[in-house]
């Protein structure tokens with residue numbers, strides 16, 4: 001079965017994400033490895049690393065997955081933003097390595113009017129520089145499927161397949177499959193036939209062996225809407241059947257299945273969504 005968990009806040013320190021994950025019953029965890037909305041970050045201390053790893057290890061929370069800052073745009077035609085994105089991604093991978101987090105999820109980027117081909121080439125160039133600067137690190141980047149809102153790239157499996165093939169050291173990359181994004185991009189999940197066709201296309205173009213994590217989100221937008229809007233499990237346009245197909249797929253056993261559904265201050269929504277997912281597993 002999937003190892004179910006959620007993205008939890010690092011407010012108050014990285015260890016607080018683990019504490020929040022424990023409180024809602026997570027088996028797996030996703031977190032930002034630095035504050036999300038700022039570029040600069042102080043280096044990790046030995047105490048921060050020790051506290052984080054001790055808590056996660058003691059609770060048996062695994063796999064751990066990082067998520068890159070939303071500030072990054074590796075497809076940007078704007079040189080300063082592109083350069084800062086590359087530099088920050090290197091820092092975030094180094095932090096993953098120090099914390100023992102094997103994967104860092106990354107939105108591929110938005111071309112901002114330069115065109116999809118130019119944007120994809122820009123991403124591959126950026127990731128090539130990141131790989132050259134992080135040679136020897138075990139931590140790697142997971143390219144996330146996107147809804148295709150605005151000029152975002154990654155809404156077609158072909159985009160990610162091209163990046164895997166054309167990025168220097170592309171063998172270091174993996175993929176994160178976001179249910180809301182895939183559905184909003186036009187891939188069916190609600191029926192057994194639609195789910196099978198979607199996963200066949202993913203396997204043919206990308207390869208299931210490259211799939212390392214999943215984001216489990218229902219979608220406010222309809223099939224092919226290209227709207228990146230998450231909803232609670234079973235309350236959106238995908239519905240319970242779509243998640244039932246995914247949760248019963250033995251090819252996904254052991255992978256982290258991570259909620260990014262709307263939050264409540266007391267995290268009760270995470271508890272409810274995890275309960276729904278586990279009921280579908282059973």
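Just so you know, all these numbers are worked out from the coordinates, no wet-lab data involved. No experiment lies behind these values; they were computed from the predicted model shown. No Cβ is skipped: glycine too gets one built from the backbone with ideal geometry, and neighbour counts run over all protein chains shown.
Give the order of 225, 76 when sorted by the count of other beta carbons within 10 angstrom, beginning with the fewest.
225, 76
In terms of the Cα gyration tensor, with a ≥ b ≥ c the square roots of its eigenvalues, is the stretch 129-222 rounded because a/c is under 1.5, prolate because a/b exceeds b/c, or oblate?
Since a/c reaches 1.5 and a/b is larger than b/c, the shape of the stretch 129-222 is classed as prolate.
Which percentage, to the nearest 5, of the DSSP beta bridges contained in the chain is antiparallel?
Bridges in the chain that DSSP calls antiparallel: roughly 10 percent.
Of the residues 164, 267, 72, which exhibits the maximal mean-square fluctuation in a Gaussian network model of the chain defined by a 10 Å Cα contact cut-off?
Among 164, 267, 72, the largest mean-square fluctuation in the Gaussian network model of the chain belongs to 267.
Among 268, 59, 135, which one moves the most in a GNM of the chain with springs linking Cα atoms closer than 10 Å?
Top of the fluctuation ranking is 135.
How do 155, 70 rank when sorted from fewest to most other Cβ atoms within 10 Å of their own Cβ? Could the numbers behind the result be given before it?
Values: 155 23, 70 10.
Fewest-to-most ranking of 155, 70: 70, 155.
Please state, as a whole number in µm²/s, the translational diffusion coefficient that the Stokes-Einstein equation yields for the stretch 1-112 at 25 °C and 0.890 mPa s, with Rh defined as the Kirkwood radius across alpha carbon pairs.
The diffusion coefficient I find is 169 µm²/s.
If I build a Gaussian network model for the chain, linking alpha-carbon pairs within less than 10 angstrom, which residue out of 185, 28, 269 has the largest mean-square fluctuation?
Of 185, 28, 269, the most mobile in the Gaussian network model is 269.
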